[in-house]
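Working notes, beginning with the structure itself.
Throughout, read-outs are computed from the coordinates displayed, never taken from laboratory work. Here the structure is a predicted model, which is why all the values come from computation and not from measurement. Neighbour counts are summed over all protein chains in view; Cβ atoms, including those assigned to glycine, are modelled from backbone coordinates with ideal geometry.
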Ligand code: ADP
């Protein structure tokens, strides 16, 4: 069992207090590297989730709002608490997620960056008066907190994803009811421990609920006291949330699946493209919604690029992330492992060739370590072209023309991240404009950052996280024209 000063209580947190888990129901948390149960965490009842919403409601202040200075201090204090506890939070994250320890600790820094950004830009949410006087009135625009928000996060970035949402919610003055993924609740408990100890938040401003997604989702979708949900996860659950909130017309910020194209033109710096692809693709074991899912390489450089990639991939190490010196940890669970294996089998059955990695039959049983794998000769009908693989499989397809590759890149219901490698400025601009993706990395595989708005087009979702756009997600613009 995991031991940590940040994990004294493994229960929810409502109205400024840890809950008692009176009904005694728990769920197990596993270390995916060892398969061992490392914690048993309280599974909360419907009435507890309702109590969390009520606590949030009591912390919402409309007529005497929390000042900008107060909100900025909350954000700064969370940032500082994360930074000074980076090692321990990262260790917990590594143990429940499996990603390498340095990557896990880097994610804590990344998370702190969102609180920092919001603290530095919170002034943007101040009211302002329009320079014009339409209809002979003086118009003031206020940014009111939207209300109690439900923040639902996935397991792939246990601290990064909540940081994006919570930083903007607190900047806006919105109380929240937070539900982490059941695979990775411990990092969230650690965050709550830090907020409880180091941040002077009003009781009810942040509430933690864990357990059955159906129970928690139902309360958050049905409660008239929760006007907004911010969700990161699968498109399937995103669709369900849209349906389940239709009666209430809630605001939904949805960051859903991706199917990122990574395009390498024949004039690209192939070493830089290969290095960026490695960094982009294998972060978190390939279990990120922004990682390259389809790699399109110009036919003239396909062989050269494939060799450079294989050379790098063959040097990568896979193992228990806590050891500290591995490139890739285990996948999150058996379903995740089986999906990557199915995509590899399907691609090879339909004519792709293995460039690096193992044949499916040589992958071994009873563990979640999937080696980095590269296949070429991928076609649009293969599962790895249609679905998000969420694992360390790089499928490569060749292309000839710019128009053809833009069309191929867009041939997906998703529109989150994409990447293009070319030395030609004008071509890069044309391709970026043609790709229906919220993020287009040009000669970089870098993903979201606190300073820039990030989000999806099409079935990848609605709304933006990061940047000023992310801050404004949690407020309602209210106009007050003054007529005398
Ligand atoms: P993933 O495939 O990455 O696990 P999911 O969409 O299944 O993504 O889960 C993302 C988050 O949404 C998790 O916290 C999960 O528990 C939660 N979730 C799943 N189903 C629902 C639901 N019906 N209502 C609310 N939250 C849900």
Rounded to whole angstroms and listed largest first, the alpha-carbon spread of region 12-80 along its three principal axes comes to 48, 32, 14
One checks the Cα atoms of the chain and finds Rg and Dmax, in Å, of 23.0, 79
Simple spin-label estimate for residue 427/residue 212, 7 Å along Cα→Cβ, in nm, reads 5.6 nm
Once residue 383 and residue 58 are pulled to full extension, the length gained, defined as 0.36 nm per residue separation minus their Cα-Cα distance, is 112.2 nm
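Given R₀ = 56 Å, FRET efficiency for residue 182-residue 132 by Cβ-Cβ distance, to 0.05?
Working: r = 52 Å, r/R0 = 0.92.
E between residue 182 and residue 132, to the nearest 0.05, is 0.60.
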The distance between the Cα centres of region 332-374 and region 1-78, in whole Å, is 37 Å
Label model pair residue 40, residue 102: point-to-point distance (7 angstrom along the Cα→beta-carbon line) in nm is 3.8 nm
Rounded to the nearest 5, the percent of antiparallel DSSP beta bridges in region 271-412 equals 25 percent
One computes Rg over Rh for region 1-133 from alpha-carbon atoms, with the Kirkwood Rh, and obtains 1.07
Each label sits 7 Å from Cα toward the beta-carbon; between residue 50 and residue 404 the label points are separated, in nm, by 6.1 nm
Taking only the alpha-carbon positions of region 227-360 as identical scatterers, the Debye log10 I(q)/I(0) at q = 0.19 Å⁻¹ comes out as -1.20
antiparallel share of DSSP beta bridges within the chain, to nearest 5, in %, is 40 percent
Residue separation between residue 80 and residue 243 times 0.36 nm, minus their alpha-carbon distance, gives in nm 54.8 nm
P(r) of region 359-454 over all Cα-Cα pairs, 10 Å bins starting at 0, rounded to whole percent, reads 13, 40, 31, 13, 3
Expressed in Å to one decimal, the Kirkwood Rh of region 261-442 from all distinct alpha-carbon pairs is 16.4 Å
